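Have a look at the structure below before the remarks.
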Amino acid sequence: MINDQEIKALISLLDDPDEFIYTEVRNKIMSLGDATIPFLEEYWENHPMNHESQERIEDLIQQIQFDTTYSNLENWVNKENPDLLRGAILINQFQYPDMDPKAVVDLIDKIKRDIWLEITPNLTSFEIIKVINKVLFDTYGFSGNKKNYHSPHSSFLSNVTETKKGNPLSLAIIYLLVTQDLGLPIFGVNLPSHFVLCYLDELNTNIHLTEMESEDVLIYINPFSKGTLFDKNEIDSFLEQLKIPKKEEFYSPCSNIDIIKRMVNNLIFSYEKLGYNDKADVMRKILRLFN
């Protein structure tokens with residue numbers, strides 16, 4: 001096991017003009033993973049270096065952070081029941097490697113508690129949805145980012161929880177995070193062009209997710225329009241407008257894998273629209289994990 005002094009000694013060799021030595025040192029540091037990042041950051045801050053050496057360390061930190069997050073996401077994808085919050089945070093970390101998930105987690109827990117305090121056993125499903133909508137959209141002020149609908153910032157939970165503005169998918173994720181832990185039968189629905197939610201008939205909530213169908217759905221919820229309710233007929237009309245053939249998956253609950261995969265696709269589209277081709281390419285590499 002390499003010790004701290006050996007790590008520091010390796011890092012000091014990163015400014016060696018010999019390309020072979022630099023490559024060998026870089027590969028060795030890469031193999032040690034994210035444990036080296038604090039040492040790299042400390043060296044960058046406290047040691048005089050030329051511009052090339054600074055860029056070498058910055059590039060190395062970014063590559064280690066990417067590889068670590070990529071590996072974590074690969075493990076997440078291969079889990080039997082991957083956690084939705086964990087998946088969303090991992091995607092967030094590709095853009096913001098230094099993000100502290102605590103701020104997001106704390107806000108989700110706070111909203112969850114506020115909803116729990118207002119839900120009583122005698123409430124109907126529609127009354128429960130009304131409580132959730134009031135807390136999320138009135139008390140906390142979440143709303144759809146209609147002005148910058150395709151902004152990549154609207155996909156990242158750290159931005160959405162800070163600005164209270166998101167796209168249909170990120171708002172739906174927050175809705176799910178604050179309700180599913182409360183045992184409420186709310187799930188995502190992978191509707192083309194506009195992600196929505198469904199509230200299941202509580203008589204069918206013991207069915208496995210892969211076996212749930214549109215017949216199990218009591219009502220649909222649109223978080224982008226502050227929790228507006230609608231039914232299957234409106235999905236029919238929406239698909240007709242888009243000239244998209246009807247499929248059962250457009251009416252039925254989807255998995256957490258489907259949700260995070262859609263988030264990646266959204267980011268590819270957003271980055272391409274803004275001309276950030278390098279970032280779009282990174283997301284395409286990430287997308288391959290889901291295929």
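Among the residues of the stretch 128-149, is any of a type in the set (Lys, Arg) and under 26 Å from residue 185 (Cβ atoms)? Yes, the conditions are met somewhere in the stretch 128-149.
Only one of the listed residues (109, 114) is in a helix (DSSP H, G or I) and under 18 Å from the mean Cα position of the chain (by Cα). That residue is 109.
Any residue in the stretch 176-191 that is surrounded by fewer than 21 Cβ atoms within 10 Å (Cβ to Cβ), at pLDDT 95 or above, under 30 Å from residue 275 (Cβ atoms) and in the same structural domain as residue 251 (by TED's automatic domain parsing)? Scanning the stretch 176-191, I find at least one residue that is surrounded by fewer than 21 Cβ atoms within 10 Å (Cβ to Cβ), at pLDDT 95 or above, under 30 Å from residue 275 (Cβ atoms) and in the same structural domain as residue 251 (by TED's automatic domain parsing), so the answer is yes.
I'd like the residue in the stretch 102-155 that is within 18 Å of residue 174 (Cα to Cα) and among the basic types (Lys, Arg) and, out of all such residues, is modelled with the lowest pLDDT. By that ranking, first place goes to 146.
Listed here are the residues, each with its yes/no results for (1) surrounded by 15 or more Cβ atoms within 10 Å (Cβ to Cβ); (2) modelled with pLDDT under 95.
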{"position": "206", "(1), (2)": "no, yes"}
{"position": "216", "(1), (2)": "yes, yes"}
{"position": "221", "(1), (2)": "yes, no"}
{"position": "228", "(1), (2)": "no, no"}
{"position": "231", "(1), (2)": "no, no"}
{"position": "235", "(1), (2)": "yes, no"}
{"position": "243", "(1), (2)": "no, no"}
{"position": "255", "(1), (2)": "yes, no"}
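Within the set 109, 100, 67, 34, the sole residue that is in the same structural domain as residue 278 (by TED's automatic domain parsing) and under 24 Å from residue 286 (Cα atoms) turns out to be 100.
Inside the stretch 1-46, residues that are surrounded by 12 or more Cβ atoms within 10 Å (Cβ to Cβ) and not in a helix (DSSP H, G or I) make up a count of 2.
Within the stretch 140-172, the set of residues being closer than 17 Å to residue 274 by Cβ, over 16 Å from the mean Cα position of the chain (by Cα) and surrounded by fewer than 20 Cβ atoms within 10 Å (Cβ to Cβ) comprises 147, 148, 149.
The values are calculated or read from the model by the stated rules, or taken from the named source; none is laboratory data. Remember, it's a predicted structure, so these values are computed and weren't measured experimentally. Every residue, glycine among them, receives a Cβ derived from its backbone with ideal geometry; neighbour counts consider all protein chains shown.
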